[in-house]
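So the structure is just underneath, and the comments pick up after that.
The values are calculated or read from the model by the stated rules, or taken from the named source; none is laboratory data. It should be emphasised that the depicted structure is a prediction, and the values quoted were computed from it without experimental measurement. Quick reminder, even Gly has a Cβ in these numbers, built from the backbone with ideal geometry, and neighbours come from all protein chains shown.
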Amino acid sequence: MRTRLTVEAVLQRADALPALPQIVTLILDTLADESANAETLSEHISGEPAIVARLLGAANAGALGGHQGGHHVQSLRQAILLLGIGRVKEITVATAIIERFTAKPPFDAHGLWLHSLGVAACAKEIAILAELDVEVAATAGLLHDIGQLLLFGVEPIAYIEALNYRKQHKLDIIAAEREILGVDHAQVGGELARLWHLPPLVADAIAGHHAADGLGPASELADVVHVAEVLSHALDLGRVEGNQVPRLSDLSCARLGIDWSDFADHFPHIEARFENARVTLGL
Amino acid sequence: MKQRTVCRHPALVTPGAILARSISRAGGGVLLAAGAELDAEKLAHLHQRGVDLVFIAEDDPRQPAAIASEIAAAEAHVAQIFAGESSDSRDELGRAILSYRRTQAA
(Lines give C-alpha, C1' and ligand atoms only; values in the text may rest on other atoms or scores of the structure.)
Protein backbone atom coordinates (compact mmCIF):
# COMPACT_ATOMS: atom_id res chain seq x y z
CA MET A 1 0.00 0.00 0.00
CA ARG A 2 1.34 3.44 -0.91
CA THR A 3 1.33 6.28 1.64
CA ARG A 4 1.44 9.80 0.24
CA LEU A 5 3.38 12.03 2.59
CA THR A 6 4.73 15.52 2.05
CA VAL A 7 7.78 16.99 3.74
CA GLU A 8 5.50 19.55 5.44
CA ALA A 9 3.20 16.84 6.79
CA VAL A 10 6.17 14.88 8.15
CA LEU A 11 7.62 17.96 9.84
CA GLN A 12 4.30 18.73 11.50
CA ARG A 13 4.75 15.38 13.20
CA ALA A 14 8.40 15.97 14.09
CA ASP A 15 7.48 15.32 17.71
CA ALA A 16 7.54 11.63 16.74
CA LEU A 17 11.22 12.09 17.61
CA PRO A 18 12.50 13.51 20.89
CA ALA A 19 13.91 17.05 20.82
CA LEU A 20 17.57 17.54 19.88
CA PRO A 21 19.53 17.38 23.15
CA GLN A 22 20.41 20.88 24.36
CA ILE A 23 24.03 19.87 24.85
CA VAL A 24 24.31 19.17 21.09
CA THR A 25 23.06 22.66 20.24
CA LEU A 26 25.51 24.16 22.73
CA ILE A 27 28.42 22.21 21.27
CA LEU A 28 27.44 22.98 17.68
CA ASP A 29 27.25 26.67 18.57
CA THR A 30 30.83 26.51 19.82
CA LEU A 31 32.25 24.46 16.92
CA ALA A 32 33.79 27.49 15.32
CA ASP A 33 34.49 29.22 18.63
CA GLU A 34 38.24 29.00 19.29
CA SER A 35 37.75 30.56 22.72
CA ALA A 36 35.57 27.66 23.94
CA ASN A 37 37.78 26.21 26.66
CA ALA A 38 37.85 23.20 28.94
CA GLU A 39 36.09 25.19 31.69
CA THR A 40 33.11 26.12 29.49
CA LEU A 41 32.81 22.59 28.13
CA SER A 42 33.03 21.09 31.58
CA GLU A 43 30.16 23.32 32.79
CA HIS A 44 27.95 22.23 29.90
CA ILE A 45 28.75 18.54 30.19
CA SER A 46 28.80 18.04 33.96
CA GLY A 47 25.01 17.66 34.17
CA GLU A 48 24.99 14.83 31.60
CA PRO A 49 25.96 11.61 33.40
CA ALA A 50 25.92 9.39 30.28
CA ILE A 51 28.34 11.74 28.52
CA VAL A 52 30.60 12.10 31.56
CA ALA A 53 30.78 8.29 31.77
CA ARG A 54 31.75 7.98 28.08
CA LEU A 55 34.43 10.67 28.43
CA LEU A 56 35.92 9.03 31.51
CA GLY A 57 35.78 5.68 29.69
CA ALA A 58 37.64 7.16 26.69
CA ALA A 59 40.24 8.83 28.93
CA ASN A 60 40.91 5.54 30.73
CA ALA A 61 40.67 3.32 27.65
CA GLY A 62 43.15 0.51 27.06
CA ALA A 63 46.72 1.39 27.84
CA LEU A 64 45.82 5.01 28.55
CA GLY A 65 44.22 4.21 31.90
CA GLY A 66 46.45 4.21 34.94
CA HIS A 67 49.24 6.24 33.38
CA GLN A 68 48.26 9.72 34.45
CA GLY A 69 50.79 9.95 37.26
CA GLY A 70 49.89 6.43 38.32
CA HIS A 71 46.17 7.17 38.72
CA HIS A 72 43.09 6.57 36.67
CA VAL A 73 41.36 9.68 35.34
CA GLN A 74 38.45 10.28 37.69
CA SER A 75 37.31 13.84 37.00
CA LEU A 76 35.65 15.37 33.98
CA ARG A 77 38.19 18.16 33.92
CA GLN A 78 41.11 15.72 33.81
CA ALA A 79 39.37 13.77 31.03
CA ILE A 80 38.87 16.94 28.97
CA LEU A 81 42.52 17.91 29.38
CA LEU A 82 43.70 14.44 28.37
CA LEU A 83 41.36 13.92 25.42
CA GLY A 84 41.54 17.47 24.01
CA ILE A 85 38.61 19.76 23.22
CA GLY A 86 38.01 18.47 19.67
CA ARG A 87 37.68 14.86 20.79
CA VAL A 88 35.50 15.83 23.77
CA LYS A 89 33.08 17.69 21.48
CA GLU A 90 32.97 14.72 19.13
CA ILE A 91 32.26 12.16 21.88
CA THR A 92 29.71 14.47 23.51
CA VAL A 93 27.70 15.11 20.33
CA ALA A 94 27.77 11.45 19.29
CA THR A 95 26.81 10.13 22.75
CA ALA A 96 23.95 12.63 23.17
CA ILE A 97 22.52 11.90 19.72
CA ILE A 98 22.91 8.12 19.76
CA GLU A 99 21.44 7.74 23.25
CA ARG A 100 18.52 10.09 22.53
CA PHE A 101 17.46 8.81 19.11
CA THR A 102 16.60 5.16 19.18
CA ALA A 103 13.84 3.15 17.49
CA LYS A 104 12.01 -0.05 18.26
CA PRO A 105 12.56 -3.16 16.11
CA PRO A 106 12.17 -4.01 13.33
CA PHE A 107 13.99 -0.73 12.64
CA ASP A 108 17.72 -1.32 13.17
CA ALA A 109 18.74 1.84 15.06
CA HIS A 110 22.01 0.23 16.19
CA GLY A 111 22.90 -0.45 12.54
CA LEU A 112 21.94 3.08 11.55
CA TRP A 113 24.23 4.65 14.16
CA LEU A 114 27.08 2.28 13.37
CA HIS A 115 26.77 3.26 9.70
CA SER A 116 26.49 6.96 10.62
CA LEU A 117 29.64 6.72 12.72
CA GLY A 118 31.41 5.22 9.68
CA VAL A 119 30.19 8.06 7.46
CA ALA A 120 31.37 10.59 10.07
CA ALA A 121 34.84 8.96 10.12
CA CYS A 122 35.07 9.11 6.30
CA ALA A 123 33.67 12.67 6.19
CA LYS A 124 36.41 13.91 8.53
CA GLU A 125 39.17 12.49 6.36
CA ILE A 126 37.61 13.86 3.14
CA ALA A 127 37.03 17.27 4.77
CA ILE A 128 40.76 17.54 5.50
CA LEU A 129 41.47 16.98 1.80
CA ALA A 130 38.79 19.51 0.80
CA GLU A 131 40.00 22.00 3.44
CA LEU A 132 36.58 22.15 5.10
CA ASP A 133 35.78 22.25 8.82
CA VAL A 134 36.41 18.71 10.09
CA GLU A 135 34.05 18.88 13.09
CA VAL A 136 31.18 20.26 11.00
CA ALA A 137 31.77 17.49 8.44
CA ALA A 138 31.74 14.85 11.20
CA THR A 139 28.46 16.22 12.60
CA ALA A 140 26.84 16.23 9.16
CA GLY A 141 28.06 12.66 8.64
CA LEU A 142 26.68 11.54 11.98
CA LEU A 143 23.25 13.09 11.33
CA HIS A 144 22.98 12.39 7.58
CA ASP A 145 20.33 9.65 7.98
CA ILE A 146 18.32 11.26 10.80
CA GLY A 147 15.43 11.53 8.31
CA GLN A 148 15.12 7.72 8.35
CA LEU A 149 14.40 7.77 12.07
CA LEU A 150 11.81 10.51 11.61
CA LEU A 151 10.06 8.69 8.75
CA PHE A 152 9.99 5.50 10.82
CA GLY A 153 8.67 7.47 13.83
CA VAL A 154 5.89 9.03 11.73
CA GLU A 155 4.89 6.02 9.60
CA PRO A 156 6.55 2.89 11.04
CA ILE A 157 4.64 0.30 9.02
CA ALA A 158 5.00 2.17 5.73
CA TYR A 159 8.68 2.82 6.40
CA ILE A 160 9.43 -0.87 6.97
CA GLU A 161 7.47 -1.57 3.78
CA ALA A 162 9.77 0.88 1.96
CA LEU A 163 12.86 -0.93 3.31
CA ASN A 164 11.44 -4.30 2.21
CA TYR A 165 10.46 -2.86 -1.19
CA ARG A 166 14.03 -1.67 -1.61
CA LYS A 167 15.38 -5.17 -0.95
CA GLN A 168 12.85 -6.92 -3.21
CA HIS A 169 13.40 -4.55 -6.15
CA LYS A 170 17.12 -3.92 -5.54
CA LEU A 171 16.53 -0.15 -5.54
CA ASP A 172 18.48 2.55 -3.82
CA ILE A 173 16.83 3.68 -0.62
CA ILE A 174 15.77 7.09 -1.97
CA ALA A 175 13.85 5.53 -4.87
CA ALA A 176 12.13 3.02 -2.55
CA GLU A 177 11.14 5.71 -0.02
CA ARG A 178 9.73 7.96 -2.75
CA GLU A 179 7.80 5.08 -4.25
CA ILE A 180 6.21 3.92 -0.98
CA LEU A 181 6.06 7.15 1.05
CA GLY A 182 6.20 9.97 -1.49
CA VAL A 183 9.16 11.61 0.31
CA ASP A 184 12.73 10.54 1.08
CA HIS A 185 14.88 10.63 4.18
CA ALA A 186 17.37 13.15 2.76
CA GLN A 187 14.68 15.81 2.11
CA VAL A 188 13.02 15.16 5.45
CA GLY A 189 16.30 15.03 7.38
CA GLY A 190 17.47 18.33 5.88
CA GLU A 191 14.24 20.07 6.86
CA LEU A 192 14.33 18.53 10.33
CA ALA A 193 17.87 19.93 10.75
CA ARG A 194 16.53 23.39 9.83
CA LEU A 195 13.67 22.99 12.29
CA TRP A 196 16.28 22.17 14.94
CA HIS A 197 18.24 25.32 13.95
CA LEU A 198 21.34 23.34 13.04
CA PRO A 199 23.89 25.29 10.95
CA PRO A 200 22.49 25.75 7.39
CA LEU A 201 25.60 24.06 5.96
CA VAL A 202 24.80 20.91 7.92
CA ALA A 203 21.11 21.00 6.92
CA ASP A 204 22.04 21.44 3.23
CA ALA A 205 24.51 18.55 3.45
CA ILE A 206 21.91 16.23 4.99
CA ALA A 207 19.36 17.23 2.34
CA GLY A 208 21.83 16.81 -0.53
CA HIS A 209 23.82 13.73 0.46
CA HIS A 210 22.22 11.46 -2.16
CA ALA A 211 23.28 12.36 -5.68
CA ALA A 212 20.16 12.53 -7.84
CA ASP A 213 19.84 11.84 -11.57
CA GLY A 214 23.56 11.60 -12.11
CA LEU A 215 24.10 15.12 -10.78
CA GLY A 216 26.11 15.88 -7.69
CA PRO A 217 24.68 17.38 -4.50
CA ALA A 218 24.24 21.12 -4.09
CA SER A 219 26.97 22.10 -1.64
CA GLU A 220 30.59 21.21 -1.00
CA LEU A 221 29.70 19.71 2.39
CA ALA A 222 26.92 17.68 0.74
CA ASP A 223 29.58 16.40 -1.68
CA VAL A 224 31.70 15.39 1.32
CA VAL A 225 28.82 13.52 3.02
CA HIS A 226 27.74 11.88 -0.24
CA VAL A 227 31.26 10.62 -1.00
CA ALA A 228 31.78 9.68 2.67
CA GLU A 229 28.64 7.55 2.63
CA VAL A 230 29.78 5.66 -0.48
CA LEU A 231 33.28 5.22 0.97
CA SER A 232 31.88 3.88 4.26
CA HIS A 233 30.07 1.17 2.27
CA ALA A 234 33.18 0.48 0.19
CA LEU A 235 35.27 0.03 3.36
CA ASP A 236 32.44 -2.03 4.86
CA LEU A 237 32.49 0.04 8.06
CA GLY A 238 29.99 -1.41 10.49
CA ARG A 239 29.69 -4.57 8.37
CA VAL A 240 26.12 -3.90 7.24
CA GLU A 241 24.30 -7.11 6.24
CA GLY A 242 23.85 -7.31 2.46
CA ASN A 243 26.17 -4.32 2.01
CA GLN A 244 26.22 -2.80 -1.50
CA VAL A 245 28.28 0.20 -2.55
CA PRO A 246 25.78 2.85 -3.73
CA ARG A 247 26.00 5.07 -6.79
CA LEU A 248 28.88 7.55 -6.64
CA SER A 249 28.67 10.96 -8.29
CA ASP A 250 31.63 11.63 -10.63
CA LEU A 251 30.86 15.33 -10.26
CA SER A 252 31.15 15.23 -6.44
CA CYS A 253 34.51 13.43 -6.66
CA ALA A 254 35.77 15.91 -9.26
CA ARG A 255 34.64 18.91 -7.19
CA LEU A 256 36.45 17.54 -4.13
CA GLY A 257 39.53 16.68 -6.20
CA ILE A 258 39.56 13.05 -5.08
CA ASP A 259 41.93 10.67 -6.78
CA TRP A 260 41.09 7.29 -5.22
CA SER A 261 44.49 5.74 -5.83
CA ASP A 262 46.08 8.60 -3.82
CA PHE A 263 43.31 8.71 -1.24
CA ALA A 264 43.82 5.00 -0.53
CA ASP A 265 46.62 6.00 1.91
CA HIS A 266 43.81 7.29 4.18
CA PHE A 267 41.90 3.98 4.30
CA PRO A 268 43.82 2.51 7.28
CA HIS A 269 43.44 5.80 9.17
CA ILE A 270 39.68 5.81 8.61
CA GLU A 271 39.34 2.19 9.71
CA ALA A 272 41.41 2.75 12.88
CA ARG A 273 39.52 5.93 13.83
CA PHE A 274 36.17 4.26 13.16
CA GLU A 275 37.11 1.30 15.35
CA ASN A 276 38.20 3.55 18.19
CA ALA A 277 34.97 5.62 17.94
CA ARG A 278 32.88 2.44 17.87
CA VAL A 279 34.55 1.10 21.02
CA THR A 280 34.38 4.50 22.78
CA LEU A 281 30.65 4.84 22.08
CA GLY A 282 29.87 1.24 22.99
CA LEU A 283 28.37 0.38 19.58
CA MET B 1 58.08 -15.18 11.94
CA LYS B 2 56.61 -13.06 9.14
CA GLN B 3 55.21 -9.73 10.30
CA ARG B 4 52.55 -7.38 9.00
CA THR B 5 51.79 -3.74 9.68
CA VAL B 6 48.46 -2.60 11.10
CA CYS B 7 47.11 0.83 11.96
CA ARG B 8 45.56 1.36 15.43
CA HIS B 9 44.44 4.11 17.77
CA PRO B 10 46.89 4.25 20.73
CA ALA B 11 43.99 3.36 23.09
CA LEU B 12 43.57 0.05 21.25
CA VAL B 13 47.25 -0.95 21.21
CA THR B 14 48.44 -3.62 23.63
CA PRO B 15 51.55 -2.46 25.55
CA GLY B 16 54.65 -4.21 24.23
CA ALA B 17 53.74 -3.68 20.56
CA ILE B 18 56.54 -2.59 18.22
CA LEU B 19 56.20 0.62 16.24
CA ALA B 20 56.38 -0.18 12.50
CA ARG B 21 56.56 3.41 11.21
CA SER B 22 58.21 6.42 12.84
CA ILE B 23 55.93 9.09 14.29
CA SER B 24 56.76 12.64 13.28
CA ARG B 25 56.31 15.80 15.32
CA ALA B 26 53.84 18.36 13.97
CA GLY B 27 56.71 20.78 13.31
CA GLY B 28 58.98 18.12 11.73
CA GLY B 29 61.48 15.72 13.26
CA VAL B 30 60.91 12.29 14.72
CA LEU B 31 58.84 11.94 17.90
CA LEU B 32 59.29 8.18 18.14
CA ALA B 33 61.34 6.04 15.75
CA ALA B 34 60.21 2.82 14.06
CA GLY B 35 61.27 -0.20 16.10
CA ALA B 36 60.46 1.41 19.47
CA GLU B 37 58.54 -0.73 21.94
CA LEU B 38 55.28 0.92 22.93
CA ASP B 39 54.85 0.48 26.66
CA ALA B 40 51.78 1.89 28.43
CA GLU B 41 53.58 5.08 29.38
CA LYS B 42 54.65 5.80 25.78
CA LEU B 43 51.12 5.10 24.53
CA ALA B 44 49.62 7.52 27.07
CA HIS B 45 52.25 10.10 26.13
CA LEU B 46 51.41 9.78 22.41
CA HIS B 47 47.73 10.18 23.18
CA GLN B 48 48.41 13.29 25.26
CA ARG B 49 50.33 14.75 22.32
CA GLY B 50 47.30 14.27 20.09
CA VAL B 51 48.72 11.31 18.15
CA ASP B 52 45.60 9.29 17.37
CA LEU B 53 47.08 6.70 14.98
CA VAL B 54 50.12 4.43 15.12
CA PHE B 55 51.35 1.74 12.76
CA ILE B 56 52.51 -1.32 14.63
CA ALA B 57 54.16 -4.58 13.54
CA GLU B 58 52.25 -7.76 14.39
CA ASP B 59 53.42 -11.35 14.13
CA ASP B 60 51.72 -13.14 11.26
CA PRO B 61 51.63 -16.90 11.89
CA ARG B 62 49.59 -17.70 8.73
CA GLN B 63 50.82 -20.26 6.20
CA PRO B 64 51.01 -19.29 2.47
CA ALA B 65 47.84 -21.32 1.69
CA ALA B 66 45.89 -19.43 4.36
CA ILE B 67 47.14 -16.10 2.99
CA ALA B 68 46.11 -17.06 -0.57
CA SER B 69 42.70 -18.08 0.69
CA GLU B 70 42.24 -14.76 2.55
CA ILE B 71 43.25 -12.80 -0.56
CA ALA B 72 40.74 -14.75 -2.67
CA ALA B 73 37.98 -14.16 -0.09
CA ALA B 74 38.79 -10.43 0.04
CA GLU B 75 38.66 -10.19 -3.78
CA ALA B 76 35.31 -12.00 -3.89
CA HIS B 77 33.87 -9.74 -1.20
CA VAL B 78 34.93 -6.56 -3.00
CA ALA B 79 33.45 -7.87 -6.27
CA GLN B 80 30.19 -8.61 -4.45
CA ILE B 81 29.76 -5.22 -2.75
CA PHE B 82 30.71 -3.38 -5.95
CA ALA B 83 28.31 -5.36 -8.17
CA GLY B 84 25.73 -3.30 -10.04
CA GLU B 85 25.61 0.19 -11.47
CA SER B 86 29.00 1.71 -12.21
CA SER B 87 30.53 5.11 -12.91
CA ASP B 88 34.10 6.21 -13.55
CA SER B 89 34.72 7.30 -9.97
CA ARG B 90 32.93 4.27 -8.48
CA ASP B 91 35.06 1.95 -10.62
CA GLU B 92 38.19 3.82 -9.58
CA LEU B 93 37.16 3.51 -5.93
CA GLY B 94 36.54 -0.21 -6.44
CA ARG B 95 40.07 -0.69 -7.82
CA ALA B 96 41.56 1.24 -4.87
CA ILE B 97 39.61 -0.85 -2.36
CA LEU B 98 40.60 -4.09 -4.12
CA SER B 99 44.27 -3.17 -4.04
CA TYR B 100 44.00 -2.14 -0.36
CA ARG B 101 42.27 -5.38 0.64
CA ARG B 102 44.81 -7.50 -1.26
CA THR B 103 47.66 -5.73 0.56
CA GLN B 104 45.88 -6.11 3.89
CA ALA B 105 45.21 -9.82 3.37
CA ALA B 106 48.77 -10.46 2.24
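Which numbered condition trips up A:Ser219, out of (1) more than 10 Å from chain B (Cβ to nearest Cβ); (2) free of Cβ contacts under 8 Å to residues at least 12 places away in the same chain; (3) among the polar types (S, T, N, Q)?
Condition not satisfied by A:Ser219: (2).
Can you confirm whether the stretch A:182-191 contains a residue that is in contact (Cβ under 8 Å) with a residue 24 or more places away in the chain, part of a loop (DSSP other than H, G, I, E, B), away from every other protein chain (no Cβ under 13 Å) and on the phi < 0 side of the Ramachandran plot? Talk me through it step by step, then tell me what you get.
The initial filter retains those residues of the stretch A:182-191 that are in contact (Cβ under 8 Å) with a residue 24 or more places away in the chain, namely A:182-191.
If we keep only those that are part of a loop (DSSP other than H, G, I, E, B) too, we end up with A:182-184.
After this cut, where a residue has to be away from every other protein chain (no Cβ under 13 Å) as well, the list is A:182-184.
So of that shortlist, the ones also on the phi < 0 side of the Ramachandran plot come out as A:183-184.
Yes, that holds for at least one residue.
Just wondering, is there one or more residues in the stretch B:76-83 that are at pLDDT 90 or above, touching a helix residue (DSSP H, G or I) at 6+ places or on another chain (Cβ under 6 Å) and of a type in the set (A, V, I, L, M, F, W, C)? Give the steps one after another, and end with the answer.
Looking only at the stretch B:76-83, we keep the residues that are at pLDDT 90 or above, and these are B:76-83.
Still in the running and touching a helix residue (DSSP H, G or I) at 6+ places or on another chain (Cβ under 6 Å): B:78, B:82.
Adding the requirement that they be of a type in the set (A, V, I, L, M, F, W, C) leaves B:78, B:82.
The answer is yes, given that some residue of the stretch B:76-83 is at pLDDT 90 or above, touching a helix residue (DSSP H, G or I) at 6+ places or on another chain (Cβ under 6 Å) and of a type in the set (A, V, I, L, M, F, W, C).
Does A:Ala61 satisfy the criteria of being crowded, with 22+ Cβ neighbours inside 10 Å and among the hydrophobic types (A, V, I, L, M, F, W, C)?
Details: crowded, with 22+ Cβ neighbours inside 10 Å: no; among the hydrophobic types (A, V, I, L, M, F, W, C): yes.
In short, no.
Taking the residues in the stretch A:231-255 that are assigned to a helix (DSSP H, G or I), at the interface with chain B (Cβ under 10 Å from one of its Cβ atoms) and not acidic (Asp, Glu) as candidates, determine which candidate is surrounded by the fewest Cβ atoms within 10 Å (Cβ to Cβ).
Of the residues in the stretch A:231-255, the ones assigned to a helix (DSSP H, G or I) are A:231-234, A:250-255.
Next, only the ones that are at the interface with chain B (Cβ under 10 Å from one of its Cβ atoms) stay: A:231, A:233-234, A:250-254.
Imposing the further condition that a residue be not acidic (Asp, Glu) reduces the set to A:231, A:233-234, A:251-254.
Numbers: A:Leu231: 28, A:His233: 22, A:Ala234: 24, A:Leu251: 17, A:Ser252: 25, A:Cys253: 25, A:Ala254: 13.
Filtering the stretch A:231-255 for residues that are assigned to a helix (DSSP H, G or I), at the interface with chain B (Cβ under 10 Å from one of its Cβ atoms) and not acidic (Asp, Glu), the one surrounded by the fewest Cβ atoms within 10 Å (Cβ to Cβ) comes out as A:Ala254.
If you check A:Asp223 against the conditions, is it among the acidic types (Asp, Glu), crowded, with 16+ Cβ neighbours inside 10 Å and more than 28 Å from B:His77 (Cβ to Cβ)? Break it down into steps so the answer makes sense when it comes.
Numbers: among the acidic types (Asp, Glu): yes; crowded, with 16+ Cβ neighbours inside 10 Å: yes; more than 28 Å from B:His77 (Cβ to Cβ): no.
Judged against the criteria, A:Asp223 is not a match.
Given the criteria surrounded by 15 or more Cβ atoms within 10 Å (Cβ to Cβ), modelled with pLDDT of 90 or more and under 27 Å from A:Ala277 (Cβ atoms), does B:Ile67 qualify?
Numbers: surrounded by 15 or more Cβ atoms within 10 Å (Cβ to Cβ): yes; modelled with pLDDT of 90 or more: yes; under 27 Å from A:Ala277 (Cβ atoms): no.
Here the answer is no, as B:Ile67 does not meet what is asked.
How many residues, within the stretch B:84-101, are more than 20 Å from A:Leu251 (Cβ to Cβ), more than 7 Å from every other protein chain (Cβ to nearest Cβ) and either surrounded by fewer than 15 Cβ atoms within 10 Å (Cβ to Cβ) or among the aliphatic types (A, V, I, L, M) (or both)?
1
Give the residue that is surrounded by the fewest Cβ atoms within 10 Å (Cβ to Cβ), with candidates limited to residues of the stretch A:256-276 that are more than 9 Å from chain B (Cβ to nearest Cβ) and touching a residue at least 24 places away in the same chain (Cβ under 8 Å).
Selected residue: A:Gly257.
Any residue at all in the stretch B:13-26 that's more than 23 Å from A:Glu275 (Cβ to Cβ) and either surrounded by fewer than 15 Cβ atoms within 10 Å (Cβ to Cβ) or touching a strand residue (DSSP E or B) at 6+ places or on another chain (Cβ under 7 Å) (or both)?
Our first condition is that a residue be more than 23 Å from A:Glu275 (Cβ to Cβ); within the stretch B:13-26, this holds for B:25-26.
Restricting the remaining residues to those that are either surrounded by fewer than 15 Cβ atoms within 10 Å (Cβ to Cβ) or touching a strand residue (DSSP E or B) at 6+ places or on another chain (Cβ under 7 Å) (or both) gives B:25-26.
Yes, the stretch B:13-26 has at least one match.
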